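A.B. asks: Encoded as structure tokens, here's the structure I'll be asking about.
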Amino acid sequence: MLVRHWMTSDVVSVTPETSLLKCKKIFQDHLFSALPVLDAEGRVVGLLAAEDLREFAPRSHTGYEVLERINSLWKNPVESLMTPSPATIPLTMPLEDAAIFMIDRHTPCLPVVDADGRLAGIITEWDIFRALVRITGARDGGVLMAFVLENPYESGKLRAVLAQIRKQGGNVLSVLGSEKDHSRRRVSIRFRAADRAAEDAIIRSFAEDESLRYWSRDGETHAVHDTTADGALEI
């Protein structure tokens, strides 16, 4: 999955000369967290965060104080407050790399640029959330089963689990894995069957499988083989 497939391409932007008062209105109308600042050629030269405007908030609610703050916002251009030369990412960056980039820099959004360095879109934490929901198949409902498998690829265990689900009429929606330690992997499988009874039958068929840690449906999680002393889910 590439950033270009998940970013917001219809981006509201401003120029270095735009007044902060106009930016404040944009933030209020659209609830953006940041605005990219572009030069005449459409290249990103700055980034203005909604948080940056807090210093212009009136300290009291007297008419004079409010007017003073409004006047300051009107007089000061974006370039006086923006973050210059902000980090940007290319259209072709994998989405997971963009997520790491955002986490490492503690930023909720990043401008996305094309091969010429011009603004093509913006990727936000909400876009990452949308992608997570899509790749996990969570919107499609069904049942999520979580396993801890020993050498799943070498042993053929993962293949056997998937075959068992499919043999009983389950439609596998997603398979996600992560390393637990050097020989074991956490594997989450989401599937859906013809009806709830069919899903229950598949769940029961794994009742004796000690690699199954829990299963979840409709927001409720049920522990199966929980090996922790305090009763918490081991996975």
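The values are calculated or read from the model by the stated rules, or taken from the named source; none is laboratory data. Just so it is clear, the model here is predicted, and its values are computed rather than measured. Virtual Cβ from ideal backbone geometry, glycine too; neighbours counted across all protein chains shown. Quick note on the areas: whole protein, heavy atoms, side chains included, nothing else; ligands and nucleic acids left out. Shrake-Rupley method; radii C 1.70, N 1.55, O 1.52, S 1.80 Å.
Here's the yes/no breakdown for (1) modelled with pLDDT under 95; (2) more than 19 Å from A163 (Cα to Cα):
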site	(1), (2)
V175	no, no
D181	yes, yes
F191	no, no
A194	no, no
I203	no, no
E208	yes, no
V224	yes, yes
G231	yes, yes
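A.B. asks: Another one. Filtering region 139-163 down to residues that are open to solvent by less than 60 Å² (accessible area, probe 1.4 Å) and either of a type in the set (V, I, T) or in contact with an Asp or Glu (Cβ under 9 Å, 6 or more places away or on another chain) (or both), which residue is farthest from A193 (Cα to Cα)?
C.D. replies: Residue satisfying both the conditions and the ranking: V148.
A.B. asks: Which residues, taken from region 94-112, are open to solvent by 40 Å² or more (accessible area, probe 1.4 Å) and hydrophobic (A, V, I, L, M, F, W, C)? Full working, then the answer.
C.D. replies: Here is the first cut: in region 94-112, the ones open to solvent by 40 Å² or more (accessible area, probe 1.4 Å) are 94, 96-97, 100-101, 103-106, 108.
The answer is I100, F101, I103.
A.B. asks: Provide a single number: the residues in region 2-23 that are open to solvent by 40 Å² or more (accessible area, probe 1.4 Å) and over 26 Å from the mean Cα position of the chain (by Cα).
C.D. replies: 4
A.B. asks: Considering A57, A115, A87, A40, which residue is small (G, A, S), at pLDDT below 90 and surrounded by fewer than 18 Cβ atoms within 10 Å (Cβ to Cβ)?
C.D. replies: Only one candidate qualifies: A57.
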